[in-house]
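Let me begin by presenting the structure, written as structure tokens, before commenting on it.
The values are calculated or read from the model by the stated rules, or taken from the named source; none is laboratory data. Just so you know, these numbers come straight off a predicted model, no measurement behind them. Please note: Cβ atoms are built from the backbone with ideal geometry, for glycine as well, and neighbour counts cover all protein chains shown. Note: areas computed on protein heavy atoms with side chains; ligands, DNA, RNA excluded. Shrake-Rupley method; radii C 1.70, N 1.55, O 1.52, S 1.80 Å.
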Amino acid sequence: MSSVVIGVDLGGTNLRTALLSVEGDILDRRKEATNASDGWKKVVARLVDNIKQQREIAVQRGLHVTAVGVGAPGVIRMDKGVVVKSPNFPDWNNLPLKDELEKALHIPVVIENDANAAALGEQWRGAGRGINSMILLTLGTGVGGGIVLDNKIWQGADGMAGEIGHMTLIPDGRQCGCGNSGCLEMYASARGIVQSYREARGMLEVNQLSDVTSAQIYQAARNGEPIARQVMKDMGSMLGIGIANLINIFNPNMIVIGGGVKDAWDLFIGSTHEEIMKRAFQVPAERTEIVPSLLGDDAGMIGAAAGALHKIQST
Ligand SMILES: [Zn+2]
């Protein structure tokens, strides 16, 4: 009987599950609304239900599900499979998600941070295929990160490594939700771009700008609006400072950039490269390829499955 694995991307908005071969081919997929406001019990029940349905499909095809990998947002203790806290799930405080799922499913479950899962996904089947050391940055509402070294996620002592978005760039900069100030996330995320744009346009127009979106700012920059263009260049520079630090510390083969802000690639990447060449050591800076992610919304699901496979293969 062939082995398969189930990968889950538990997002604040959507819950995606996929049945994958051990080579990472998606055999079946499901997607439904997470409805996080229903509270953790209902969300976990929904998760269990989806995984069971996927397992049923596997059984019908004569396949055996060996493990389930779940990518979840927030602070995750990978070693224990506990969601410490998650901005998308306000009532999830030290929720033992791995135990809850294993109790209901009787299959080994591995919980990953969503950005780590996405990094593994890109390395397994996406932009980083065949590359053994790469770092993923997801530039979305916030900035997530995942560090893959020698084909493995660098988890850290508490399973909490890779929080690249909370690298300090400006000591007395913008206050971040994590408690620190001047984090990369406050400048290189969609929210950071909107804030920079509003600040640059000044208080006079603050009411008109209250609803401005990052997509409108990209459009304005492409239409040649000087302030929008400058905001995107400055964002690219901040990203470049962060990446230069990563290059000097990790000497990776590749940096993969994903998330919604990737749509503005042409508006920021020039300044990012400039900053990297100015700040990082020449040899690793020239070696490091900076590329957009390839898997889009599938990265988390595929990577969560990869994480589960690695885990069961190593135990
Ligand atoms: Zn922070």
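All conditions but one from (1) within 21 Å of the chain's Cα centre (by Cα); (2) open to solvent by 10 Å² or more (accessible area, probe 1.4 Å) apply to G242; the one that does not is (2).
Per-residue answers, yes or no, for (1) of a type outside the set (A, V, I, L, M); (2) touching a residue at least 40 places away in the same chain (Cβ under 8 Å):
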position: T213; (1), (2): yes, no
position: L239; (1), (2): no, yes
position: I249; (1), (2): no, no
position: P252; (1), (2): yes, yes
position: G260; (1), (2): yes, yes
position: W265; (1), (2): yes, no
position: S271; (1), (2): yes, no
position: K278; (1), (2): yes, no
position: Q282; (1), (2): yes, no
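If I ask for residues that are within 14 Å of the ligand (Cβ to nearest atom) and either among the acidic types (D, E) or open to solvent by less than 70 Å² (accessible area, probe 1.4 Å) (or both), which ones from the range 138-165 would you list? Talk me through it step by step, then tell me what you get.
Going residue by residue through the range 138-165, those that are within 14 Å of the ligand (Cβ to nearest atom) are 141-145, 160, 162-165.
If the condition is that a residue be within 14 Å of the ligand (Cβ to nearest atom) and either among the acidic types (D, E) or open to solvent by less than 70 Å² (accessible area, probe 1.4 Å) (or both), then G142, V143, G144, G145, G162, E163, I164, G165 are the ones that fit.
Among residues of the range 175-202 being open to solvent by less than 50 Å² (accessible area, probe 1.4 Å) and near the ligand (Cβ under 9 Å from one of its atoms), the one that is nearest to V143 (Cα to Cα) is E185.
In this structure, is W124 more than 16 Å from the ligand (Cβ to nearest atom) and over 17 Å from N248 (Cα atoms)?
Details: more than 16 Å from the ligand (Cβ to nearest atom): yes; over 17 Å from N248 (Cα atoms): yes.
Taking the combined requirement at face value, the residue satisfies it.
In the condition set (1) β-branched (V, I, T); (2) open to solvent by 40 Å² or more (accessible area, probe 1.4 Å); (3) more than 16 Å from the ligand (Cβ to nearest atom), I170 is compliant with all but (3). Residue pairs whose Cβ atoms lie under 6 Å apart, separated by 6 or more positions or on different chains, with the first residue in the range 161-174 and among the polar types (S, T, N, Q) and the second open to solvent by less than 30 Å² (accessible area, probe 1.4 Å) and near the ligand (Cβ under 10 Å from one of its atoms), are T168/G182.
For (1) touching a Gly at 6+ places or on another chain (Cβ under 9 Å); (2) in a strand (DSSP E or B); (3) open to solvent by 20 Å² or more (accessible area, probe 1.4 Å); (4) modelled with pLDDT under 95, each residue gets a yes or a no:
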site	(1), (2), (3), (4)
L20	yes, yes, no, no
E32	no, yes, yes, yes
V44	no, no, no, no
I51	no, no, no, no
G69	yes, yes, no, no
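With the requirement that a residue be within 25 Å of G260 (Cα to Cα) and without any contact (Cβ under 8 Å) to a residue 12 or more places away in the chain, what does the range 97-129 give you? Within the range 97-129, R129 is the sole residue that qualifies. In contact with a Lys or Arg (Cβ under 9 Å, 6 or more places away or on another chain), within 23 Å of K311 (Cα to Cα) and open to solvent by less than 70 Å² (accessible area, probe 1.4 Å): which single residue out of P108, P73 fits that description? Step by step, each of P108, P73 is checked, and only P108 is in contact with a Lys or Arg (Cβ under 9 Å, 6 or more places away or on another chain), within 23 Å of K311 (Cα to Cα) and open to solvent by less than 70 Å² (accessible area, probe 1.4 Å).
What about D91, is it part of a loop (DSSP other than H, G, I, E, B) and either surrounded by 13 or more Cβ atoms within 10 Å (Cβ to Cβ) or among the basic types (K, R) (or both)?
Details: part of a loop (DSSP other than H, G, I, E, B): yes; either surrounded by 13 or more Cβ atoms within 10 Å (Cβ to Cβ) or among the basic types (K, R) (or both): yes.
Taking the combined requirement at face value, the residue satisfies it.
Selection within the range 76-88: residues that are touching a residue at least 60 places away in the same chain (Cβ under 8 Å) and part of a loop (DSSP other than H, G, I, E, B). The member of this set that is surrounded by the most Cβ atoms within 10 Å (Cβ to Cβ) is M78. Within the range 134-148, residues that are within 18 Å of M78 (Cα to Cα) have Cβ atoms under 8 Å from residues that are among the charged types (D, E, K, R) and open to solvent by 10 Å² or more (accessible area, probe 1.4 Å) in these pairs: G144/D114; G145/E163, counting only partners at least 6 apart in sequence or on another chain. Open to solvent by 30 Å² or more (accessible area, probe 1.4 Å), of a type in the set (K, R), at pLDDT 95 or above and out of contact with any Cys (no Cβ under 8 Å at 6 or more places or on another chain), is that true of R229? For R229, the condition - open to solvent by 30 Å² or more (accessible area, probe 1.4 Å), of a type in the set (K, R), at pLDDT 95 or above and out of contact with any Cys (no Cβ under 8 Å at 6 or more places or on another chain) - is met. Could you list, in sequence order, all residues of the range 252-271 that are more than 12 Å from V291 (Cβ to Cβ) and in a helix (DSSP H, G or I)? Passing the criteria: G260, V261, D263, A264, D266, L267, F268, G270, S271.
Scanning the range 31-45 for residues that are under 16 Å from D9 (Cα atoms) and out of contact with any helix residue (DSSP H, G or I) (no Cβ under 8 Å at 6 or more places or on another chain) yields a total of 4.
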